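All remarks here apply to the structure that follows.
The values are calculated or read from the model by the stated rules, or taken from the named source; none is laboratory data. These numbers were taken from a predicted model, which means no experiment stands behind them. Cβ placement follows ideal geometry from the backbone for every residue including glycine, while neighbour counts extend to all protein chains displayed.
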Amino acid sequence: MIRRPLAPLWLSRPSRYAELPTRAARLALVLLTALILACFLALGTPGPPPASHDPAKRAQDQADVILYETIVDGVRHGGNYYTVAAEALRHGDYPLKPFVTFRLPTLAMALAILPPWAMPLLLYLLVALVAIAWWQRLKPAFARGPPLIIAMALLAGGLVVYAQADLSYFHEIWAGLFVALSLAMRQRGRWVESVSLGLVAVLIRETAAPYLAIMAGLALLEGQRREALLWFVTMAILAIALTLHADAVARVVRPLDPSSPGWLGLLGFGHFVRTMSILTVLGIAPIWLAAPLVGLALFGWSAWNEALALRALALFAAYAAILGIFGRTDTFYWGLIAAPTILVGLAFAPDGLRDLFTAALDKRRVTVKRIVR
């Protein structure tokens, strides 16, 4: 007996779980339970030291931001980027090896051209563009206005960290916004804008490179060869940029300059969950509440039956692996690449949960009767 999908609750069409066979739905329900339980690992995962919010201690609370401010100011006054960056890193007792301890010069060079008052305005404009782009992508997904408004409120909850003027020097802020905008702009048959924005993101912060690989791989799987080729071209451009960057760094680094302690934190999935909580509005909630909400958001993205949702889910999975394996407590900001849109998944979760439970609990059986006449 074929089960007819129930009418959607919030979505304009049935979720990915609406027509799932009973056995598969029960397996998915087990996996969902495991995901939610795994999210509680965040309770035992150390987080970054809390900020004091004391203006007198800004140098301690925002040491990285001050470092980037110093570099931009030095370039603005005519200094060579690599020379200025090397001196700033030495002065702040930062490692100078390997070459990736130096940020790519893209953001510093761009901000150095602008007057200081223009940087926050540019940041706010980018946040607004991300919100508008996602409004356009989410509008067809929901059957009515209220769920769409809830989804946009959840998006705002993910963007709250990005709309802080004092973080406009922070590379991951810009890279994360460009990734979110690129993701929203990507549509089947229309991907040039998305690829261009993705390239901007990785030239600001190379840790956004997994996004390029995800987009290229999924385009290839969908048979979009021209799109996949363009994504691979952006990866080649990044490789060239990093090669030139490494050569420039080698010219200013001294033999006795300190090296990085490495990036093998092995903090696990709980570190990703805690990071997503810290970097969104969930940061105001206790971790025991925020953690399962992150898991439900991931589930919600898996429920939205769209190619865009699959790309977003792959992005979150990639950064869950990166943060869980390589992240340290002081590199939680890597999660800024993926954090802007994660909470939107909560708007897809009601339909997904209803459909999954309906399929998993379905006990109807096919009965065959032979009638003898």
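Among the listed residues 246, 216, 209, which satisfies the condition of being within 20 Å of the chain's Cα centre (by Cα) and either within 30 Å of residue 43 (Cα to Cα) or exposed (fewer than 15 other Cβ atoms within 10 Å of the Cβ) (or both)? Outline the logic, then answer.
Details: 246 fails: within 20 Å of the chain's Cα centre (by Cα); 216 fails: either within 30 Å of residue 43 (Cα to Cα) or exposed (fewer than 15 other Cβ atoms within 10 Å of the Cβ) (or both).
Just one listed residue meets the conditions, 209.
Do we find a residue being in contact (Cβ under 8 Å) with a residue 24 or more places away in the chain, small (Gly, Ala, Ser) and surrounded by 15 or more Cβ atoms within 10 Å (Cβ to Cβ) anywhere in segment 2-13? Before the answer, list the steps.
To start, the set of residues in segment 2-13 that are in contact (Cβ under 8 Å) with a residue 24 or more places away in the chain comprises 3, 5-6, 8-13.
So of that shortlist, the ones also small (Gly, Ala, Ser) come out as 12.
Restricting the remaining residues to those that are surrounded by 15 or more Cβ atoms within 10 Å (Cβ to Cβ) gives none.
No, that holds for no residue.
Is it true that residue 30 is surrounded by 15 or more Cβ atoms within 10 Å (Cβ to Cβ) and either touching a helix residue (DSSP H, G or I) at 6+ places or on another chain (Cβ under 7 Å) or modelled with pLDDT of 95 or more (or both)? Please lay out each step first, then the result.
Working: surrounded by 15 or more Cβ atoms within 10 Å (Cβ to Cβ): no; either touching a helix residue (DSSP H, G or I) at 6+ places or on another chain (Cβ under 7 Å) or modelled with pLDDT of 95 or more (or both): yes.
Here the answer is no, as residue 30 does not meet what is asked.
What is the number of the single condition among (1) surrounded by 18 or more Cβ atoms within 10 Å (Cβ to Cβ); (2) touching a Pro at 6+ places or on another chain (Cβ under 7 Å); (3) not polar (S, T, N, Q) that residue 258 does not meet?
(1)
Rundown of residues vs (1) in contact with a Cys (Cβ under 6 Å, 6 or more places away or on another chain); (2) among the basic types (Lys, Arg); (3) more than 14 Å from residue 108 (Cα to Cα), yes/no style:
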| residue | (1), (2), (3) |
| --- | --- |
| 162 | no, no, yes |
| 169 | no, no, no |
| 185 | no, no, yes |
| 188 | no, yes, yes |
| 195 | no, no, yes |
| 207 | no, no, yes |
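Working only within segment 156-186, note down all residues that are surrounded by fewer than 20 Cβ atoms within 10 Å (Cβ to Cβ) and under 13 Å from residue 134 (Cβ atoms). Walk me through it before giving the result.
First pass over segment 156-186, keeping only residues surrounded by fewer than 20 Cβ atoms within 10 Å (Cβ to Cβ): 156-157, 160, 163-166.
Listed by number, the residues that qualify are 156, 157.
Residue pairs, Cβ under 7 Å, 6 or more apart or interchain, first in segment 16-30 and in contact (Cβ under 8 Å) with a residue 60 or more places away in the chain and aliphatic (A, V, I, L, M), second surrounded by 19 or more Cβ atoms within 10 Å (Cβ to Cβ) and part of a loop (DSSP other than H, G, I, E, B). List them.
Listed by first residue and then by second, the contacts come to 25/17; 28/17; 28/20.
Cβ-Cβ under 7 Å, sequence separation 6+ or interchain: first residue in segment 339-350 and more than 12 Å from residue 11 (Cβ to Cβ), partner of a type in the set (Ser, Thr, Tyr) and buried (at least 24 other Cβ atoms within 10 Å of the Cβ). Which pairs?
Close Cβ pairs satisfying both conditions: 339/280; 340/162; 342/280; 343/280.
Looking only at segment 95-144, filter to residues that are among the basic types (Lys, Arg) and modelled with pLDDT of 95 or more; which one of those is surrounded by the fewest Cβ atoms within 10 Å (Cβ to Cβ)? Talk me through it step by step, then tell me what you get.
Narrowing segment 95-144 to residues among the basic types (Lys, Arg): 97, 103, 137, 139, 144.
Within this subset, residues satisfying the condition of being modelled with pLDDT of 95 or more are 97, 103, 137, 139.
Details: 97: 16, 103: 20, 137: 18, 139: 13.
Step by step, filter segment 95-144, then rank; the result is 139.
How many residues are free of Cβ contacts under 8 Å to residues at least 40 places away in the same chain and part of a helix (DSSP H, G or I) when one looks only at segment 175-191?
Residues meeting the conditions: 1.
Among the listed residues 309, 318, 314, identify the single one that is within 17 Å of residue 11 (Cα to Cα), in a helix (DSSP H, G or I), of a type in the set (Gly, Ala, Ser) and within 15 Å of the chain's Cα centre (by Cα). Give the steps one after another, and end with the answer.
Working: 318 fails: within 17 Å of residue 11 (Cα to Cα); 314 fails: within 17 Å of residue 11 (Cα to Cα).
Of 309, 318, 314, the one residue that is within 17 Å of residue 11 (Cα to Cα), in a helix (DSSP H, G or I), of a type in the set (Gly, Ala, Ser) and within 15 Å of the chain's Cα centre (by Cα) is 309.
From the set of residues in segment 146-169 that are part of a helix (DSSP H, G or I) and under 16 Å from the mean Cα position of the chain (by Cα), which is nearest to residue 67 (Cα to Cα)? Step through it out loud before you land on a result.
Looking only at segment 146-169, we keep the residues that are part of a helix (DSSP H, G or I), and these are 146-159, 165-167.
Now drop any that are not under 16 Å from the mean Cα position of the chain (by Cα), which leaves 154-159.
Values: 154: 32, 155: 30, 156: 28, 157: 27, 158: 25, 159: 23 Å.
Filtering segment 146-169 for residues that are part of a helix (DSSP H, G or I) and under 16 Å from the mean Cα position of the chain (by Cα), the one nearest to residue 67 (Cα to Cα) comes out as 159.
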